[in-house]
Amino acid sequence: MIDYQEILDAIYVKLQKRVDKGKVASYIPELANVPKEKFGIYLNRIKGENFCVGDWDKPFSIQSISKVLSFAMAFARLKNQVFRRLDVEPSGNPFNHLSLLEMENGIPRNPFINSGAIVIADMLVTLLEEPKEEFLQFVRDVTGDQTIQYNIKVAANEAETGFRNYAAANLLKSFDNLENDVERVLDFYFHQCSIEMNCKQLSDAFYLFANRGKCMRGNSQLTLNQVKRINAIMLTCGFYDEAGEFAFEVGLPGKSGVGGGIVALLPNEFTITCWSPGLNEKGNSYLGMLALEEFTTQTNLSIF
Ligand code: GLN
């Protein structure tokens, strides 16, 4: 029998002691002002008890983790049509990289880099009557928590500083891979990035990807085959130019965000979320990566 609480406690104590906790994202004050000492983990087991440690109940900006949820919503509705406008290959480049998009004629490498998520945002803006409201409702429903909100201030600051996202959206437009106005699509994208959740809520939201498409409460409308594909894209593209490293060290599909959150999962077994706002040079949570590596090593639970 694995003593999950003992393992999580030991990881927490060991990593919290580290002097080097990475660098908190500094491009907007709401992220720059989050104390580096914050650190939480929440393990949601599919067929068992859940475990947590530290700041697991403190909300943080989910940022790029939202890309999995927006992709899931578009994929559930548009099915394989989504792949007419983007690919599913790892980019090997930072999340906001642009030259690959130019070279590949405006077809983003995958839905989890910024340009790909902007194309997905465009699809949702076309598809939904009230895009921001309906997407937030989707996130609340899959999580089973109606309290989840956008942080309007974060969304506004993302817009003020989002020069590379404007560049990506304009490039997509020039290649005819953006149906709606740049402003409208980016307003949606900046809002999705601004969603705040805690470790428990993120573990609950991603439960469906570990549980064959069934949410904590109710159904996601994703087929088992779609869930398989989303998990495959998380494994290969969830960490930008550190996706190989994450697969190598941790061995789970997952997704990170510049707010310092990482959510990862083992199908049929568990979802786990770590939050520590200090990032490594690739923009992924420094302690979060280390914590997950320790967790899969100590429990011997990974997809490999
Ligand atoms: N809002 C950020 C951006 O678009 C999200 C990036 C991230 O979390 N990697 O630049």
| task | Can you check what the Kirkwood hydrodynamic radius comes to for the range 123-203, Cα pairs only, in Å to one decimal? | result | 13.6
| Considering only protein heavy atoms and a 1.4 Å probe, what is the carbon-and-sulfur percentage of the accessible area of the range 30-151? | 48
| request: Mind checking which of Asn114, Ser99, Gly238 is farthest towards the positive end of the range 82-239's charge dipole, using Cβ charges of +1 (Lys, Arg) and -1 (Asp, Glu) about the Cα centre? | output: Gly238
| Accessible area per residue in Å² at 1.4 Å probe, computed on the range 54-131 | 37
| query | What is the Rg over Rh value, at two decimals, for the range 108-254, using alpha-carbon atoms and the Kirkwood definition of Rh? | reply | 0.96
| In the calculated pair distance distribution of the chain, what percentage of Cα-Cα distances lie above 36 Å? | 9
| query | Which of the GluC sites (Glu not before Pro) across the range 1-42 are loop residues per DSSP, with 16 or fewer other Cβ within 10 Å? | reply | Glu37
| Filtered trypsin sites (Lys or Arg not before Pro), the range 29-87: DSSP coil and at most 11 other beta carbons within 10 Å | Lys47
| field | Gaussian network model of the chain, springs between alpha carbon atoms under 10 Å - residue of Pro59, Pro131, Pro29 with greatest fluctuation | value | Pro29
| query | Tell me, what HN-Hα J-couplings in whole Hz come from the Karplus equation 6.51 cos²θ - 1.76 cosθ + 1.60 at θ = phi - 60° for each residue of the range 228-236, using x for Gly and Pro? | reply | 4, 5, 4, 4, 5, 5, 4, 5, 8
| said: Spelling out what I want: for every residue of the range 200-206, take phi, set θ = phi - 60°, compute 6.51 cos²θ - 1.76 cosθ + 1.60 (Karplus), and round to whole Hz; glycine and proline get x. | reply: 5, 4, 5, 4, 5, 5, 8
| task | Calculate one ³J(HN,Hα) per residue across the range 180-197 by plugging θ = phi - 60° into the Karplus curve 6.51 cos²θ - 1.76 cosθ + 1.60, and present them in order as whole Hz with x for glycine and proline. | result | 9, 4, 3, 4, 5, 5, 6, 4, 5, 4, 5, 5, 4, 5, 7, 4, 10, 8
| field | Accessible area expressed per residue, the range 210-304, with surrounding protein chains retained (probe 1.4 Å, Å²) | value | 35
| query | Where does helix 114-127 land angle-wise versus the long Cα axis of the chain, in degrees 0 to 90, nearest 10? | reply | 70
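The values are calculated or read from the model by the stated rules, or taken from the named source; none is laboratory data. Computed from a predicted structure; not experimentally measured. We place every Cβ from the backbone using ideal geometry, glycine too, and count neighbours over all the protein chains shown. Heads up: the accessible areas ignore ligands, DNA and RNA and are worked out on the full protein's heavy atoms, side chains in. Shrake-Rupley method; radii C 1.70, N 1.55, O 1.52, S 1.80 Å.
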